1. I want the local charge near residue 95. Using Cβ-Cβ distances under 12 Å, sum +1 for each Lys or Arg and -1 for each Asp or Glu among the other residues.
2. Taking R0 as 45 Å, what FRET efficiency do you get between residue 193 and residue 213 from their Cβ-Cβ distance, rounded to the nearest 0.05?
3. Got a sec to turn the phi values of region 97-110 into Karplus ³J(HN,Hα) couplings, 6.51 cos²θ - 1.76 cosθ + 1.60 with θ = phi - 60°, whole Hz, x for Gly and Pro?
4. Provide the gained length on full extension for the span residue 178 to residue 135, in nm with one decimal, where the gain is 0.36 nm per separating residue minus the Cα-Cα distance.
5. Are any of the pairs 51/133; 135/227; 123/227; 78/133; 123/216 more than 31 Å apart by Cα-Cα distance, and if so, which?
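Taken together, the values in this text are just the output of simple stated rules run on the coordinates, not laboratory data. It should be emphasised that the depicted structure is a prediction, and the values quoted were computed from it without experimental measurement. All Cβ positions, even for glycine, are placed from backbone atoms using ideal geometry, and neighbour counts span all protein chains on display.
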Amino acid sequence: WGISVNRKVEYYQKNSIEFHTTAKIRTENNKNIDFIKDLKDSANEEFTTNKTNSLSYSNIKGISIQEIEHLFQNDNDKQMAKNLRLTTLFTSDEKLSQALFNTVLGYPFDVGYSFLNDRYNDKHNYFSSLNGKSKLSDLLHDSITDKINNKSLKVTDQISQEKLDEILLEINSFSFLDAMRNTSKDQYDRYDDEDDYSFLYNDYYSKYNELIYKYKNLEEENNNFIKQFK
């Protein structure tokens, strides 16, 4: 043959490298082609939904993230829609769900997000107290202390997965509202001479008073509606 063993080895090594390099380039090109094809297919997909960009309770209930992203034009509206969607997940009790919805709807989206985080935290504390882990008053005091120490949630922060999971757990709505209002009132009386604590406890008490007021109003509206059929 006239070619040394070393020359043969070099020849096969060179061709092997060229083959693998060519195969790698082809694989990368195929991936790029597939990605571009997916982009085109996605762009050509017709988005259909019976939802609109209305911030009404009936429209927001059941709306998906995809629908929010498509239907709402600016970031503030998208965030507001997401906040409102989370209120509809808080409980299967329509009255409490709507009371939370109407409250958040009246706030700017960042204030509404902070309000929702407080309610998630309250629900977490409420469940913990029912499980006998701690007293509700102690858990609420820890939350208030965090606020005083400037540890309140920012809009860019994420709500913990644990709290998001717990929001789907069922609660007795009025027992929850009543427990939070009464505990806030008791703690306000206890810390009446400490300005920071008394202010925030009073704020909690006022918010739960407002939710209970809205809850009872919705209950009365429903009862009056039913009476029309009797």
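1. Once all neighbours under 12 Å are counted, the net charge is -3.
2. Working from the Cβ atoms, E equals 0.95.
3. Karplus values, whole Hz, x for Gly and Pro: 4, 6, 4, 5, 4, 5, 5, 5, 4, x, 10, x, 4, 6.
4. In short, 14.0 nm is gained.
5. Those over the limit are 51/133; 135/227; 123/227; 78/133.
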